[in-house]
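The values are calculated or read from the model by the stated rules, or taken from the named source; none is laboratory data. Remember, predicted model here, so these are calculated numbers, not experimental data. Note that each Cβ is placed from the backbone with ideal geometry, even for glycine, and that neighbours are counted across all protein chains shown.
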Amino acid sequence: MPTQELSYRDALRMALVEEIDRDQNVFVMGEDIGRYQGTFRVTEGLFQKYNVEQNDWRIIDTPIVEPGFTGIAIGAAMTGLRPVVEMMTMSFSILALDQIINHAAKIHYMTGGQSTVPMVIRGPGGAAKQLSAQHSHSLEGWYAHCPGLKVVAPATPQDAYSMFKQAVRDDNPVIFTENPGLYTIKGEVTTGPDVLQPFGKAQVLREGKDLSLVAYSRMVHVCLEVADRLAEVGISAEVVDVRSLLPLDTETIYQSVRKTNRAIVVYEDWKSGGFGAEIASRISEDCFDDLDAPVGRVGGLNVPMPYSRVLELECIPNADDVMAAVRKLG
Amino acid sequence: MIRRFEDKCNIAYRQGLVGGYMHVYIGMEATAVGWNAALKPGWDYVITAYRDHAQPLIMGSDPVKVMAEIMGRSGGYSFGKGGSMHIYDIENCFFGGWGIVGGHTPLGAGLAFAAKYRKEDRVTICYLGDGASNAGVFFESLNMAALWDLPVIFIIENNEFAMGTRLEYHAADTQLYKRGEPFGIKSERLDGMDVLQVKADAERIVNWVRENQKPYLVEVMNYRFAGHGAADNDRQLYRTKEEEDENTKRDPIARLEKYLTENNLMTAEKMEAINVEIEERVEAIYEEAVNSPHPEPHEVYAHVYSDMEPEKGH
């Protein structure tokens with residue numbers, strides 16, 4: 001299968017184009033995604049390609065009304081269409097929470113399996129750069145709290161590609177969150193019509209024996225940096241990329257912890273009550289006898305995201321914060 | 001049939017066979033009956049809020065499965081996991097059955113969006129109440145329906161009460177049909193109590209929407225004889241007995257009976273025979289529904305996802 005170097009953003013776009021081409025039921029809707037080509041340029045060129053050159057109504061610019069267009073996508077999905085809804089930032093999905101939680105997530109259940117909602121809600125989640133308090137939320141933990149949704153947070157261009165294709169083909173509503181800091185990172189990507197990454201499978205991105213660093217999305221890269229720094233001082237850290245929050249692959253996490261006997265969970269979301277707390281709790285509950293130290297947690301500061309770059313960087317966990325947590329483990 | 005079915009649901013509620021919230025359609029029957037008569041069965045889409053027993057009965061759903069669902073039994077359309085507010089019969093194009101006031105209105109636009117996307121000539125009817133007509137998401141839906149020329153008919157069933165709050169206390173403009181005008185949507189206020197008139201209006205408008213592929217908004221004036229829900233035992237807090245009595249004179253069923261009698265279209269004997277037949281039928285539906293078993297505990301995990309089970313256990 002062909003392999004090429006792609007940015008996270010280009011990998012996403014390539015997967016999106018392939019899925020639109022593969023299935024007439026797939027369409028994209030969101031704010032500024034068509035003529036303006038997307039605030040983060042994930043949909044660059046698509047309006048021209050489909051709506052203009054092919055005269056096919058596949059890329060749909062919406063008014064700035066998240067509840068309304070999310071609801072329209074849900075209704076369309078109930079008839080078997082496969083909408084990909086872009087949230088300009090995941091922070092705006094808060095407006096559509098009623099549609100996502102009260103409607104999309106419940107439909108298969110409330111209809112007793114008569115209907116499915118094959119839709120993807122994707123967009124940047126987490127802090128970009130000085131977008132301040134209303135545009136920087138990490139909401140994946142909120143969504144992963146809700147049965148009926150699937151929630152994924154890929155960290156690499158390969159997973160952006162193969163998990164996105166998987167998401168489009170999934171018959172359930174999928175929240176696909178992309179940390180804005182990831183769009184420009186590059187990596188080798190194996191591509192192909194059926195290169196899919198099934199959900200519910202964590203991956204070990206770096207093997208180690210002394211300590212497990214468990215993370216998802218951009219924090220995976222922070223953990224990889226920490227593992228490099230620890231290697232310099234003779235500590236061998238394993239990095240587990242959770243990548244799928246719901247369903248959650250606890251087994252891969254537990255296997256790592258059983259080997260290393262120490263774990264730190266790293267997440268950008270507010271530390272208190274974030275999804276990392278769920279992971280930490282499970283490790284404590286199910287791997288208690290394997291642990292040589294309490295499970296560590298590094299999360300975002302429990303404050304609204306400030307505008308000042310200095311203060312913003314204070315909020316987002318970095319390698320130093322994780323190193324401090326490692327030292328605390330003893 | 002709807003009237004007797006809903007009466008029986010009320011009885012079942014009082015017997016403790018129905019839990020939670022239940023909202024009956026008594027008094028409003030002519031609206032759904034008249035409008036449905038204008039639709040292509042199994043082709044056009046219908047979606048409504050939580051006062052949702054009548055539509056599936058009219059659209060050809062199995063009434064036993066409807067009542068079993070209302071009773072939370074495994075023989076219901078959703079195996080007892082939806083309940084009174086969440087009846088669905090997707091095969092017959094009935095899309096529920098929704099509990100968040102106004103929340104289903106974009107879904108209605110979405111059904112119409114799908115028809116347009118596929119270049120099908122389906123029409124969608126999206127019912128909502130006067131209370132829901134204030135919801136922001138409804139205005140968002142109107143805007144997009146007009147923007148994209150979606151073949152959807154929004155029917156505001158103005159039964160004069162948003163739960164227990166009278167129209168003039170919840171709507172700045174009580175002429176609710178005007179909600180469509182800012183968006184350039186053709187809008188009308190129509191009667192909802194005279195089933196023959198409703199049907200004639202419905203045929204005219206459904207045909208127009210199918211032909212012109214544009215949205216339409218109708219405010220239908222009807223009246224909820226019953227309380228908001230079965231748990232609403234304080235109707236006198238928001239309306240007087242006299243008002244209720246006065247409106248009972250508008251009863252769509254009595255009106256139709258009177259019409260049939262006065263025009264010698266049906267004899268009193270025939271009418272009585274039909275009434276007896278319906279009552280027997282509803283009794284049989286009730287018996288079958290009440291004998292449907294409760295779901296097994298393990299069924300709680302089914303249908304959370306289409307392709308996997310959720311995590312189990314407390």
Inset, instruction - Would you mention how many residues in region A:228-268 are touching a residue at least 24 places away in the same chain (Cβ under 8 Å) and assigned to a loop (DSSP other than H, G, I, E, B)? - result: 9
Legend entry - Test: residue in region A:63-70 that is over 26 Å from A:A155 (Cβ atoms), more than 14 Å from chain B (Cβ to nearest Cβ) and surrounded by fewer than 23 Cβ atoms within 10 Å (Cβ to Cβ): no
Legend entry - From the options A:T177, A:T184, residue that is outside any loop (DSSP other than H, G, I, E, B), assigned by TED's automatic domain parsing to the domain that holds A:L16 and hydroxyl-bearing (S, T, Y): A:T177
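Return a yes/no flag: does region A:97-120 have any residue that is away from every other protein chain (no Cβ under 14 Å) and touching a residue at least 24 places away in the same chain (Cβ under 8 Å).
Residues of region A:97-120 away from every other protein chain (no Cβ under 14 Å): A:120.
Still in the running and touching a residue at least 24 places away in the same chain (Cβ under 8 Å): A:120.
Yes, the conditions are met somewhere in region A:97-120.
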Inset, instruction - Please indicate, with yes or no, whether at least one residue in region A:77-85 is in a helix (DSSP H, G or I), within 13 Å of chain B (Cβ to nearest Cβ), surrounded by 15 or more Cβ atoms within 10 Å (Cβ to Cβ) and not basic (K, R). - result: yes
Legend entry - strands (runs of 3 or more DSSP E) (entirely within region B:116-199) containing at least 1 residues that are at pLDDT 95 or above and within 15 Å of the chain's Cα centre (by Cα): B:124-129, B:152-158
Legend entry - Which numbered condition A:Q134 fails, given (1) more than 14 Å from chain B (Cβ to nearest Cβ); (2) over 23 Å from A:F40 (Cα atoms): (2)
Inset, instruction - Just need a number here: residues in region A:286-319 that are of a type in the set (D, E, K, R), in a helix (DSSP H, G or I) and under 17 Å from A:V239 (Cβ atoms). - result: 0
Inset, instruction - Would you mind stating whether B:S306 is touching a His at 6+ places or on another chain (Cβ under 8 Å), of a type outside the set (A, V, I, L, M, F, W, C) and within 14 Å of chain A (Cβ to nearest Cβ)? - result: yes
Legend entry - Unique match (being of a type outside the set (D, E, K, R) and closer than 24 Å to B:D7 by Cβ) among B:V198, B:V206: B:V198
Inset, instruction - Report the residue count in region B:60-91 for those that are touching a strand residue (DSSP E or B) at 6+ places or on another chain (Cβ under 9 Å), surrounded by fewer than 24 Cβ atoms within 10 Å (Cβ to Cβ) and within 17 Å of B:P41 (Cβ to Cβ). - result: 3
Legend entry - Total residues in region B:93-111, condition within 8 Å of chain A (Cβ to nearest Cβ) and either touching a strand residue (DSSP E or B) at 6+ places or on another chain (Cβ under 8 Å) or in a loop (DSSP other than H, G, I, E, B) (or both): 13
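Per-residue answers, yes or no, for (1) within 13 Å of another protein chain (Cβ to nearest Cβ); (2) touching a Leu at 6+ places or on another chain (Cβ under 7 Å); (3) touching a residue at least 60 places away in the same chain (Cβ under 8 Å); (4) over 17 Å from A:Y109 (Cβ atoms):
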residue: B:W43; (1), (2), (3), (4): yes, no, yes, yes
residue: B:R51; (1), (2), (3), (4): no, no, yes, yes
residue: B:M59; (1), (2), (3), (4): no, no, no, yes
residue: B:G82; (1), (2), (3), (4): yes, no, no, no
residue: B:Y88; (1), (2), (3), (4): yes, no, no, no
residue: B:E91; (1), (2), (3), (4): yes, no, no, yes
Legend entry - Filter result (assigned to a strand (DSSP E or B) and under 14 Å from B:G27 (Cα atoms)) within region B:200-244: B:V220, B:M221
